[in-house]
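One structure is given below, encoded as structure tokens.
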Amino acid sequence: MSTDFTLHATSRSDTGKGASRRLRRLAQEIPAIVYGGTKKPAQISLVHKDVLKSLENEAFYSHILSLEVDGKAEDVIIKDIQRHPAKPQILHMDLLRVSKSKPLQTKVPLHFINEESCAGVKTDGGLIAHSMTELEITCLPANLPEYIEVDMLEVRLGETVHISDLKLPKGVESVALSHGADHDLPVASIQKTRGSSEAAASEEEEEASEE
């Protein structure tokens with residue numbers, strides 16, 4: 001179980017919208033809640049500048065985090081982040097406690113590789129279209145991947161990569177696929193470019209007029 005990130009927090013008893021606004025405005029802190037496991041949900045506050053810096057690292061979103069509340073540490077993952085619509089400001093965070101022995105459910109980012117050398121692009125002249133950028137998975141905390149790779153090298157024009165085509169790490173399962181084959185959603189596809197589609201349509205019109 002990787003815990004490369006540590007969040008320092010303090011417990012808080014003053015709750016409500018007014019208290020949260022004061023916390024953000026006066027103390028430059030983020031109101032948050034940590035829940036799950038055998039403990040009761042706890043209201044906490046986090047230092048805004050520290051969290052904002054950590055969020056610059058993509059791995060922060062899908063790692064097990066060490067949360068220290070008033071000096072006591074526990075392992076958590078990020079479940080939700082509320083952001084200000086216009087400012088680089090975090091308004092609220094939800095953190096979920098995790099146990100080494102119990103599977104967790106979370107989302108991890110997808111990393112698309114070999115896009116420039118993709119057969120459907122390089123040879124067929126197509127364009128890659130992403131249908132999703134993250135995948136919801138379930139696994140034990142020790143098996144939580146930082147990301148999942150999507151290899152586009154051999155994908156041809158008109159073909160689609162589905163969740164079932166992904167090579168998931170050992171011990172990692174797709175939540176969508178656990179619901180059945182009809183939940184095997186598309187991840188990416190190679191489509192015709194607009195120019196090639198218009199050219200093909202123009203050729204068909206010319207052939208029709210000649211006839």
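Of everything in the stretch 31-46 that is open to solvent by 10 Å² or more (accessible area, probe 1.4 Å) and among the β-branched types (Val, Ile, Thr), the residue that is farthest from Ser101 (Cα to Cα) is Ile33. Can you confirm whether Gly126 is surrounded by fewer than 13 Cβ atoms within 10 Å (Cβ to Cβ) and at pLDDT 95 or above? No. Scan the stretch 64-82 for residues that are more than 15 Å from Asp50 (Cα to Cα) and either open to solvent by 40 Å² or more (accessible area, probe 1.4 Å) or modelled with pLDDT under 90 (or both) and the total you get is 8.
Name the one entry in Ala200, Ala176 that is open to solvent by less than 50 Å² (accessible area, probe 1.4 Å) and at pLDDT below 95. Full working, then the answer.
Values: Ala176 fails: at pLDDT below 95.
Testing whether each residue is open to solvent by less than 50 Å² (accessible area, probe 1.4 Å) and at pLDDT below 95 leaves just Ala200.
For the stretch 109-122, which positions are more than 23 Å from the chain's Cα centre (by Cα) and touching a residue at least 12 places away in the same chain (Cβ under 8 Å)? Scanning the stretch 109-122 gives Ser117, Cys118, Ala119, Gly120, Val121.
Test Asp94 against the criterion of being open to solvent by less than 70 Å² (accessible area, probe 1.4 Å), free of Cβ contacts under 8 Å to residues at least 40 places away in the same chain, in the same structural domain as Pro41 (by the TED database) and of a type in the set (Asp, Glu), and give yes or no. Taking the combined requirement at face value, the residue does not satisfy it. The number of residues in the stretch 124-183 that are in a strand (DSSP E or B) and of a type in the set (Val, Ile, Thr) comes to 7.
Quick grid of which residues meet (1) without any contact (Cβ under 8 Å) to a residue 40 or more places away in the chain; (2) open to solvent by 20 Å² or more (accessible area, probe 1.4 Å); (3) under 24 Å from Leu55 (Cβ atoms):
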site: Glu136; (1), (2), (3): no, yes, yes
site: Pro145; (1), (2), (3): no, no, yes
site: Ile148; (1), (2), (3): no, no, yes
site: Asp151; (1), (2), (3): yes, yes, no
site: Glu154; (1), (2), (3): yes, yes, no
site: Val161; (1), (2), (3): yes, no, no
site: Asp165; (1), (2), (3): yes, yes, no
site: Lys170; (1), (2), (3): yes, yes, no
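Within the stretch 179-192, restricting attention to residues that are of a type in the set (D, E, K, R) and modelled with pLDDT of 95 or more, the residue that is surrounded by the fewest Cβ atoms within 10 Å (Cβ to Cβ) is Asp182.
The values are calculated or read from the model by the stated rules, or taken from the named source; none is laboratory data. None of these values were measured; they are calculated from a predicted model. FYI the Cβ positions are ideal-geometry reconstructions off the backbone, even for glycines, and counts take in every protein chain you see. In case anyone asks, the SASA skips ligands and DNA or RNA and just uses the protein heavy atoms, side chains included. Shrake-Rupley method; radii C 1.70, N 1.55, O 1.52, S 1.80 Å.
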